1. Assess whether residue 390 counts as being touching a helix residue (DSSP H, G or I) at 6+ places or on another chain (Cβ under 7 Å), over 30 Å from residue 185 (Cβ atoms) and either buried (at least 18 other Cβ atoms within 10 Å of the Cβ) or modelled with pLDDT of 95 or more (or both).
2. I'm trying to understand the selection: among the residues of the stretch 233-255, which are closer than 14 Å to residue 216 by Cβ and surrounded by fewer than 18 Cβ atoms within 10 Å (Cβ to Cβ)?
3. Can we say residue 304 is within 22 Å of the chain's Cα centre (by Cα) and at pLDDT 95 or above?
4. If I go through the stretch 113-143 residue by residue, how many of them are in a loop (DSSP other than H, G, I, E, B) and either surrounded by fewer than 17 Cβ atoms within 10 Å (Cβ to Cβ) or in contact with a strand residue (DSSP E or B) (Cβ under 8 Å, 6 or more places away or on another chain) (or both)?
5. Residue 352 fails exactly one of the following numbered conditions: (1) crowded, with 18+ Cβ neighbours inside 10 Å; (2) free of Cβ contacts under 8 Å to residues at least 60 places away in the same chain; (3) more than 25 Å from residue 223 (Cα to Cα). What is the number of that condition?
6. Restricting attention to the stretch 218-231, does a residue exist that is surrounded by 20 or more Cβ atoms within 10 Å (Cβ to Cβ) and at pLDDT below 95?
7. Which condition number in (1) part of a strand (DSSP E or B); (2) under 24 Å from residue 201 (Cα atoms) is the one that residue 235 fails?
8. Only one of these is in contact with a strand residue (DSSP E or B) (Cβ under 6 Å, 6 or more places away or on another chain), in a strand (DSSP E or B) and without any contact (Cβ under 8 Å) to a residue 60 or more places away in the chain: 365, 389. Name it.
């Protein structure tokens, strides 16, 4: 899955909230502009009771305006918005009054804990452990410290932190495989660390399963995922795995699949949290073999509270008033005057922004908007969809909503 568009991109400046003080809301949303909602229309409606919540004394939340400032922007390429259907359990028909908000603890686990988790994971898989080491190894750490200590005193403080400064990963070697426990708590099984003579790199699946980024159909991907989830159940460690197969396209019009599953047990709120914070990803290599499995489970121990949220309809109105966060270039957006043209709003999801630099894990509505100005894609009949985020938490609980004065940088 290409999380950030690499097509015809140029480096974008960090974008803050774009806010205008007035809007003339246009005509009703066109039917084709909400394919996700049509797909999810058969899901049961979920209701909460207002009496279940106490919204008094909730801390005001600060919005993170940092959009990472990297190359390109967040967007997806597809022939139509229906190609971008995924496993999100949320539907606009669900009546959700409140969602939990969490502080990001920014925890880093200790070296001893990384070693413990690598060892326990290997044992749970039933694999014999040949040895456990850290990266960097103690030898590399010692060499780095000796290098720093050899510098003149006035130069020591100017040295940037190196990967050789302290362990960022513990590795349990199990034959030709590696179990990796990372500083942020993620666990990985690496099947491609070593090339095995006479075999293709990675772990081959039975011939009846297709496991590729570009040549696998959705039906085949589902069958492959069911097989992988069963084979690696001790590592997946979920009560009720739910598939999250996602595929967009690259500049060569090749479908690119992401093979993931999340904890789908419990009620809708549990599923939403599982979808965003508790999931596993299987990665193939170019040979169609299993290369990497990564298990993600965020630390949600620091709950701030249950916050009232707005509806998707209210979020759309905010979007049309240019209240949003995006990395999408402004000159690619279809506009009706100074405002986003609502006829190009193609889909909406309810998600959490979970990047490691977020101070607070809070819900947002994620809008997909069809963009313009990508001639090379249009020649292939492909469309580019930029991503725009509107906070789902009610505005009175948000601290910083800067007002754009109408000028472009």
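1. no
2. Within the stretch 233-255, 243, 254 meet the criteria.
3. yes
4. Qualifying residue count, the stretch 113-143: 7.
5. Exception for residue 352: condition (2).
6. Yes.
7. (1)
8. Going through 365, 389 in turn, the sole match is 365.
The values are calculated or read from the model by the stated rules, or taken from the named source; none is laboratory data. All values derive from a computational prediction rather than experimental measurement. A quick note on method: Cβ atoms are made from the backbone with ideal geometry, for glycine too, and the neighbour counts reach across all protein chains shown.
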